[in-house]
Amino acid sequence: MAEVLFVCVHNAGRSQMAEALFNRRAEARGLNVRAASAGTAAGTEVQPIAVEVMAELGVRLTDQFPKLLTQPMADAASHIVTMGCGVDADACPARMLVSEDWGLDDPKARPIEEVRAIRDEIATRVESLLDRLEARE
């Protein structure tokens, strides 16, 4: 099974939304891929606003929690996506090879309308990534 790893600094917003949206859509498509997420400096909780905007889509993040990125996580991933959060080489495991960077704004402390726009952009990019992964099968 292919595994995608979404990485940001705190694993409290964008990467959590991407993981949940990816897994939901991959399952709906019947694809043999799975996503995980992690942060280079994991936070203490998923941002409440991220939980709120995902609940609007029927996606539950209340049981999720930030996870610290480890080298084994990076090694297990077939595709690594950073979320545009300035992840630098000092913060990442030595052999983490980023497949792509999405350059998304951090939803922290933003108005809900902006967080919805970030969520929707993540959903669009997740669909595109799934299309590319499906084409490789």
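We did not get these values from a lab; they are worked out from the coordinates using the rules stated. Predicted model only: the values in this text are computed from it and were never measured. Note that we place each Cβ from the backbone using ideal geometry, even for glycine, and neighbour counts take in every protein chain shown.
Worth a mention:
- In a simple Cβ point-charge model (Lys, Arg +1; Asp, Glu -1; nothing else charged), the range 1-120 has a dipole of about 300 debye relative to its Cα centre.
- Put in order of Cβ neighbour count within 10 Å, fewest first, the listed residues Leu133, Leu57 become Leu57, Leu133.
- Residue with peak Gaussian network fluctuation, the chain [Cα springs, cutoff 10 Å], from Ala109, Ala74, Ala12: Ala109
- Relative contact order %, the range 2-136, counting alpha carbon pairs below 8 Å whose residues are six or more apart: 31
- Under a 5 Å amide H cut-off, with hydrogens placed 1.01 Å from N, Ser37 pairs with Phe6 among residues at least 5 apart or on other chains.
- Note on the range 2-136: dipole from Cβ charges, positive end direction compared against Leu61, Val33, Ala109; the farthest Cα belongs to Val33.
- Near the amide H of Ile80, within less than 5 Å, lie the amide hydrogens of Leu5, Ser99, Glu100, all on another chain or at least 5 residues away, with H placed in the peptide plane.
- Arranged from fewest to most other beta-carbon atoms within 10 Å of their beta carbon, Leu130, Leu68 become Leu68, Leu130.
- Using the Cβ-Cβ distance between Asp101 and Ala41 with R0 set to 22 Å, the FRET efficiency from 1/(1 + (r/R0)^6) comes to roughly 0.80.
- Per-residue Karplus couplings for the range 74-84, computed as 6.51 cos²θ - 1.76 cosθ + 1.60 with θ equal to phi - 60°, are listed in order as 5, 5, 6, 7, 8, 8, 10, 10, 8, 9, x Hz, Gly and Pro entered as x.
- Note on the chain: helix-only mean residue ellipticity at 222 nm, from DSSP H runs of 4+ residues weighted -39500 (n - 2.57) and normalised by residue number, equals -13000 deg cm²/dmol.
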